[in-house]
Amino acid sequence: MESEKISVIIPVYKVEKYLAKCVDSVLAQTYGDLEILLVDDGSPDGCGAICDGYASRDSRVRVIHKPNGGLSSARNAGLDAASGAYVGFVDSDDYIDPAMYEKLHAALVSTGADVCVCDVVYVDEQGALKGPPIPPMAEEVLSPEQAWRRVELADDGWRYVTAWNRLYRRAVFDGLRFQEGKIHEDELSVVPIYARCRSIAVIPDVLYWDVGRPGSIMTGSAAMRRLDAVDGYLERARFYRSKGWDDLTRVALGRAYDRVWMVLRAVDVGENASALGPAVRRTAGAMLRSADLRGAWLWLWYAGHSRRGKGGRA
């Protein structure tokens, strides 16, 4: 009989304050057959020692120490070492419900799906809810096309994008890894992951707590790095166009357009022209190929402001 082990991969970097709560929540899982891979991504603080301490106390924990390479690199190192038939990811500043993997695994078994997604709650460091309430996810089994439609069209479709509120059959990652050297790696993985699935199960249970904290990747002030998401949106648009899904193509291109504008408004355009230019050209070109004239406006605005040198802020 095939092993039913779940490999839980936790990338670790500069999270001394949060790591114990995260790891303890995974160790408390009601699902019994777990291995927990703590990937110390060259963390300069005491995280490596904390990881080693967990491994010395619990045989389910394995530690991988590696030079810093970023979140995708750490996830990939965990995938390379994982021995389970199923894989899950938890960000090291977040925490999960004790029944999360038991419920996700049960849904995969009962539906035969390749990925099972659960609902999420977004909280601050004290556990208080952040932002307005979001509609609950429905219990359903989706085809890949339906999943992509949830990504682009559903209220808060990001829940169908994130890598961590789910459980995967290990085979989904055979020959597939996260793109390294970028943030917004989840945006870049939406097409290839769902393309490998026969179906995607969704359960409405809120089982993952996403902790927003100062200094995390998504709340930091490095606006230029937010451009990494543009490549994900444009890749999705190209894929949707190849399928003839014009409505999804327009939405994905609109996301790329909005992201470029967000960065243009946040930085000095003249000083950052060498990095902004390629993103603007790719986005404007893709929009014009879809007869979206906003692409021409985006390019003309950028071309004018990039020549101003310092102070070319939107």
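Since every read-out is calculated from the coordinates, none of them should be taken as a lab result. None of these values were measured; they are calculated from a predicted model. Cβ atoms come from the backbone with ideal geometry, glycine included; neighbour counts cover every protein chain shown.
Starting from 0.36 nm per residue, how many nanometres of slack lie between Ser242 and Ala81 once their C-alpha separation is accounted for?
54.5 nm
Please give the charge dipole size of the range 221-306, origin at the Cα centre, charges +1 on K and R Cβ atoms and -1 on D and E Cβ atoms. Round to the nearest 20 debye.
The calculated dipole for the range 221-306 is roughly 220 debye.
Divide, for the range 1-63, the radius of gyration over alpha carbons by 2.2 N^0.38 Å, where N is the residue count.
1.13
In nanometres, what is the gap between the two model label sites at Met224 and Ala106, each 7 Å from Cα along Cα-to-Cβ?
So the label points at Met224 and Ala106 sit 5.0 nm apart.
Quantify how much of the Cα-Cα distance distribution of the range 137-198 extends past 13 Å, in percent.
Result for the distance tail: 65 percent.
Can you tally the net charge around Gly32? Count Lys and Arg as +1, Asp and Glu as -1, for every other residue whose Cβ sits under 12 Å from the Cβ of Gly32.
Around Gly32, the charge tally is -2.
From the cross-link list Lys66/Lys243; Lys103/Lys130; Lys21/Lys130, which pairs have alpha carbons spaced over 31 Å apart?
The answer is Lys66/Lys243.
Given only helices, namely DSSP H runs of n ≥ 4 each adding -39500 (n - 2.57), what is the per-residue ellipticity at 222 nm of the chain, to the nearest 500 deg cm²/dmol?
Working: 10 runs with 131 residues, N = 314.
Calculated at 222 nm, the ellipticity per residue is -13000 deg cm²/dmol.
In nm, give the distance between the simple-model label positions of Arg177 and Arg282, each being 7 Å from the Cα along the Cα-to-Cβ direction.
That separation, rounded to one decimal, is 2.0 nm.
How do Lys103, Lys66 rank when sorted from fewest to most other Cβ atoms within 10 Å of their own Cβ?
Working: Lys103 18, Lys66 14.
So the residues, fewest neighbours to most, are Lys66, Lys103.
Rounded to the nearest 5, what % of the DSSP beta bridges within the chain are antiparallel ones?
In the chain, approximately 30 percent of DSSP beta bridges are antiparallel ones.
List the aspartates and glutamates whose Cα lies under 17 Å from the Cα of Lys5, skipping any in the same chain that are fewer than 8 positions away.
Asp33, Glu35, Asp58, Asp80, Glu102, Asp114, Asp174
Counting pairwise Cα distances across the chain, what percent come out greater than 32 angstrom? Before the final figure, lay out the partial values.
Numbers: 15165 of 49141 pairs.
Roughly 31 percent, rounded to a whole number.
Per q in 0.22, 0.24 1/Å, what log10 I(q)/I(0) does a Debye calculation on the alpha-carbon atoms of the range 221-306 return?
Treating every Cα as an identical point scatterer, log10 I(q)/I(0) equals -0.98, -1.13.
Please report how far the C-alpha centroid of the range 112-165 lies from that of the range 1-44, rounded to the nearest whole angstrom.
Each part reduced to its Cα centre gives a spacing of 21 Å.
Label the range 47-164 by shape, choosing from rounded, prolate and oblate, from the square roots a ≥ b ≥ c of the eigenvalues of the Cα gyration tensor; if a/c is under 1.5 it is rounded, and otherwise prolate applies when a/b is larger than b/c, oblate when it is not.
Numbers: a/c = 1.85, a/b = 1.46, b/c = 1.26.
In terms of gyration-tensor shape, prolate.
Give me the number: length gained by fully extending Val121 to Arg289, i.e. 0.36 nm times residue separation minus the C-alpha to C-alpha distance, one decimal in nm.
Extending this stretch completely gives an extra 56.7 nm.
Quote the relative contact order of the range 6-218 in percent (integer), defining contacts as alpha-carbon pairs under 8 Å separated by 6+ residues.
Averaging sequence separation for qualifying contacts and normalising by length gives 27 percent for the range 6-218.
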